[in-house]
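The values are calculated or read from the model by the stated rules, or taken from the named source; none is laboratory data. Computed from a predicted structure; not experimentally measured. Don't worry about glycine lacking a Cβ; one is built from the backbone with ideal geometry, like all the others, and counts go over all protein chains shown. What goes into the accessible areas is simple: the full protein's heavy atoms, side chains included, and nothing from ligands, DNA or RNA. Shrake-Rupley method; radii C 1.70, N 1.55, O 1.52, S 1.80 Å.
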Amino acid sequence: MIVNKRKCSLVLALAMIFISWSVMPGVSGAVVKEVTLFPNSASIEESMKIGAPPAGAGNNQVIISLPPQTDPESLAVSVSGANRPRIEDIQIKQVLRVDENRISQLRSQLKKARNEKKEMHARSQALDIQLQFWQAQTKAKTKTIAEADALASTIGRNSRKILTEKNSIETDLERIEKQIKELQDNITQTAGKNEKAWEAAITLSGIAGQDAMLHYSYMLRGCGWLPLYRMEALPSSNTILFSWDAEIWQSTGNDWNLALIRIATLQPLRTLSPQDLPEWVIKPRTAEVYKSSRREKSAPARLSLSDADNTAEESAPVETTHTNYSVWTLGKKTITAGPRQRLKIKEESWPAQFVFLARPSLSPQAFLQAGVKLAGPVDVPPGQATFVIDGAVIGKRTFALAGTEADIYFGSTPFVTVTSLTMTDQTGAAKFFQNKQTRQWQWLIEARNAGRTPVRVRIEEPIPQPRDERIKLSFKHQPDPSEKDSTKFVWFLDLSPSQKKRIGTSVDMEAPRDMRIDFGWRR
């Protein structure tokens, strides 16, 4: 009986030790609450309720787990509540990651596929040995034609059987290798490549009230977002239909369930200490050998999560504009680890004036140009855009817009062409009189609309730029340009279907007779 009491006391003591130990670490059960995604990283905010420390303990220690892609130096911790404890210390270390069920299943499938691949290689090698054996039998000596015929038949039958099985194994190997690659890519997309996670032990002192909460944030790699655009030109209504989606991805290994998602148009900069002030030295210059180098682009100012509207949780994206960046609040979303997701940011109509731009001195092509003037400034970061005209996709290229105005191009059309024909060119035959040399160029420009709808064409011709005051230039045009600046003449022509219009233009040059002149690219 005494022994049983001692056993019960021992069990009770061990249980109390276990309970005391389990209360002190306070392993984080927090979930991701808010995420601000940058182009190649994210800022994560989490919070959890602080439990009371065990009886008799002076300090309470809370342990939180962080994903492998976390920048440990970016961890920021705070405590809220009427009676809140004080943060005494934070210790961060790497630990072996614990995969969630989905990743564990993927790793199990990968292990099984690799074992299957090894078995197939072994079967293939065994078949090679069998095939070599039957091939060696071709050198065997036979006494009669009947024996030779029987041996040849046996060798052929067995070789054919072995080769058929080997071809089947090679097909299965291709399949299993493809499966292995897909599983590896899936694991990398879902959980990243790092096999170790981070663990932060936060030491708190003081008694925590019932409303005490621990809040922490950190920067995360292995995630980000890309802007994707669709620009549809509708010349008949002088409109561009602009749509903007965000392609989001994360590889933490855990899903972000109904987290408040924001996206920011600039990558943050996090610097804890200022740069050292260098010495200012003035001394004689020494000869230096020039070496080309790349300078790193300065990173933009750090963004704060508090800059965005923390109360916005509606599903419709809300833009918050700052001095040099924008933050879009997309509402509460579930972002799964691994596959990329596409979220709608905005759709709107932009007023635009359409014209076909032609530079006949370079090419007869005419490019559809949309001149956009918006009521207010926009911040559209560089991203891949799909360009469409009246429902037909014409191509993709990078697009960006900051401000209120832009010229957007939607490719060329075969129905509108503008050609330039040289009528006169004194190619090297200068005339000499009064100690001067002269030269004349004349061109005939023809604009043609072979389409079924009227178009407006903008024609640009270069103005030659003299780099010596002794070179005199004069110009004649028929008709006169609609406008001009320091580098080009501009004509606007309205063309009906199947209509042609012509422009005559000439340049006369006068310079000293003994001056050697470079006539530039247009001769």
Pairs where the first residue, in segment 123-135, is within 17 Å of N167 (Cβ to Cβ) and the second is among the charged types (D, E, K, R), C-beta under 7 Å, 6+ apart | S124/K166; L127/E165; L127/K166
Those residues of segment 444-465 which are within 29 Å of Q426 (Cα to Cα) and either crowded, with 20+ Cβ neighbours inside 10 Å or not hydrophobic (A, V, I, L, M, F, W, C) (or both), in sequence order | I445, E446, A447, R448, R458, I459, E460, E461, P462, P464, Q465
If you check R470 against the conditions, is it out of contact with any Lys or Arg (no Cβ under 9 Å at 6 or more places or on another chain), touching a residue at least 40 places away in the same chain (Cβ under 8 Å) and surrounded by 13 or more Cβ atoms within 10 Å (Cβ to Cβ)?
-> no
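Take the residues of segment 495-523 that are of a type in the set (V, I, T) and within 21 Å of Q478 (Cα to Cα): which is surrounded by the fewest Cβ atoms within 10 Å (Cβ to Cβ)?
Step by step, filter segment 495-523, then rank; the result is V507.
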Are there any pairs with C-beta distances below 8 angstrom linking a residue in segment 143-162 that is outside any loop (DSSP other than H, G, I, E, B) to a residue that is surrounded by 11 or more Cβ atoms within 10 Å (Cβ to Cβ) and modelled with pLDDT under 80, with the two at least 6 apart or on different chains, and if so which?
-> A148/T142; L151/T142
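Go through segment 220-233 and give me each residue that's more than 12 Å from the chain's Cα centre (by Cα) and open to solvent by less than 40 Å² (accessible area, probe 1.4 Å). First the steps, then the outcome.
Initially, segment 220-233 is screened for residues more than 12 Å from the chain's Cα centre (by Cα), giving 220-222, 229-233.
L220, G222, Y229, M231, E232, A233, listed by residue number.
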Contacts under 8 angstrom Cβ, first residue in segment 203-227 being among the polar types (S, T, N, Q), partner surrounded by 23 or more Cβ atoms within 10 Å (Cβ to Cβ) and part of a strand (DSSP E or B), 6 or more apart = T203/N60; S205/N60; S217/S43; S217/I44
Could you say whether any residue in segment 236-250 is closer than 30 Å to V457 by Cα, within 22 Å of the chain's Cα centre (by Cα), modelled with pLDDT of 65 or more and open to solvent by 60 Å² or more (accessible area, probe 1.4 Å)?
-> no
Looking at segment 79-102, is at least one residue at pLDDT below 85, within 30 Å of A197 (Cα to Cα) and either touching a His at 6+ places or on another chain (Cβ under 8 Å) or in a helix (DSSP H, G or I) (or both)?
-> yes
Return the residue satisfying two criteria in turn: it lies in segment 328-344 and is open to solvent by 10 Å² or more (accessible area, probe 1.4 Å) and not charged (D, E, K, R), and of such residues it is farthest from the chain's Cα centre (by Cα).
-> T334
So E446 clears everything in (1) within 41 Å of the chain's Cα centre (by Cα); (2) under 20 Å from V416 (Cβ atoms) except one condition, right? Which one?
-> (1)
Quick check: anything in segment 322-333 aliphatic (A, V, I, L, M), outside any strand (DSSP E or B), in contact with a helix residue (DSSP H, G or I) (Cβ under 7 Å, 6 or more places away or on another chain) and under 30 Å from T36 (Cα atoms)?
-> no
Checked pairs for segment 482-510, first of a type in the set (S, T, N, Q), second assigned to a strand (DSSP E or B), C-beta under 6 Å and 6 or more apart or across chains, list as S482/V490; S482/W491; S482/F492; Q499/N449; T505/W443; T505/H477; S506/Q442; S506/K476
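Given the residues E460, E469, E446, which is the only one that is among the acidic types (D, E) and under 27 Å from M231 (Cα atoms)?
Working: E469 fails: under 27 Å from M231 (Cα atoms); E446 fails: under 27 Å from M231 (Cα atoms).
Residue meeting the stated conditions: E460.
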Scanning segment 238-265 residue by residue, those of a type in the set (S, T, N, Q) and on the phi < 0 side of the Ramachandran plot turn out to be T239, S243, Q250, S251, T252, N254, N257, T265
Only one of these conditions is not met by T138: (1) at pLDDT below 80; (2) surrounded by 11 or more Cβ atoms within 10 Å (Cβ to Cβ); (3) in a helix (DSSP H, G or I); (4) not aliphatic (A, V, I, L, M). Which number is it?
-> (2)
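Restricting to segment 214-254, name every residue that is among the basic types (K, R) and not in a strand (DSSP E or B).
To start, the set of residues in segment 214-254 that are among the basic types (K, R) comprises 221, 230.
Answer for segment 214-254, where residues must be among the basic types (K, R) and not in a strand (DSSP E or B): just R221.
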With K431, K396, K436 as the choices, which residue is farther than 17 Å from A366 by Cα, at pLDDT 90 or above, open to solvent by 40 Å² or more (accessible area, probe 1.4 Å) and basic (K, R)?
-> K396
Only one of (1) modelled with pLDDT of 80 or more; (2) outside any helix (DSSP H, G or I) is not met by N115, so which one is it?
-> (2)
How many residues are in a strand (DSSP E or B) and open to solvent by less than 30 Å² (accessible area, probe 1.4 Å) when one looks only at segment 355-365?
-> 3
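Report, by residue number, each residue of segment 200-219 that is crowded, with 18+ Cβ neighbours inside 10 Å and among the β-branched types (V, I, T). Give the derivation first.
To start, the set of residues in segment 200-219 that are crowded, with 18+ Cβ neighbours inside 10 Å comprises 200, 202, 204, 208, 212, 214, 216-219.
Answer for segment 200-219, where residues must be crowded, with 18+ Cβ neighbours inside 10 Å and among the β-branched types (V, I, T): just I202.
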Does at least one position in segment 301-319 carry a residue that is surrounded by 10 or more Cβ atoms within 10 Å (Cβ to Cβ), at pLDDT below 80 and in a strand (DSSP E or B)?
-> yes
Answer yes or no: is there a residue in segment 479-487 that is open to solvent by less than 60 Å² (accessible area, probe 1.4 Å), over 16 Å from T419 (Cα atoms) and under 45 Å from the mean Cα position of the chain (by Cα).
-> yes
For segment 178-196, state whether one or more residues are touching a strand residue (DSSP E or B) at 6+ places or on another chain (Cβ under 7 Å), at pLDDT 85 or above and under 20 Å from A337 (Cβ atoms).
-> no
So R516 clears everything in (1) farther than 30 Å from L241 by Cα; (2) in contact with a strand residue (DSSP E or B) (Cβ under 9 Å, 6 or more places away or on another chain); (3) among the basic types (K, R) except one condition, right? Which one?
-> (2)
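Right, L368: open to solvent by less than 70 Å² (accessible area, probe 1.4 Å), modelled with pLDDT of 85 or more and either out of contact with any strand residue (DSSP E or B) (no Cβ under 8 Å at 6 or more places or on another chain) or under 23 Å from V31 (Cα atoms) (or both) or not?
Working: open to solvent by less than 70 Å² (accessible area, probe 1.4 Å): yes; modelled with pLDDT of 85 or more: yes; either out of contact with any strand residue (DSSP E or B) (no Cβ under 8 Å at 6 or more places or on another chain) or under 23 Å from V31 (Cα atoms) (or both): no.
No.
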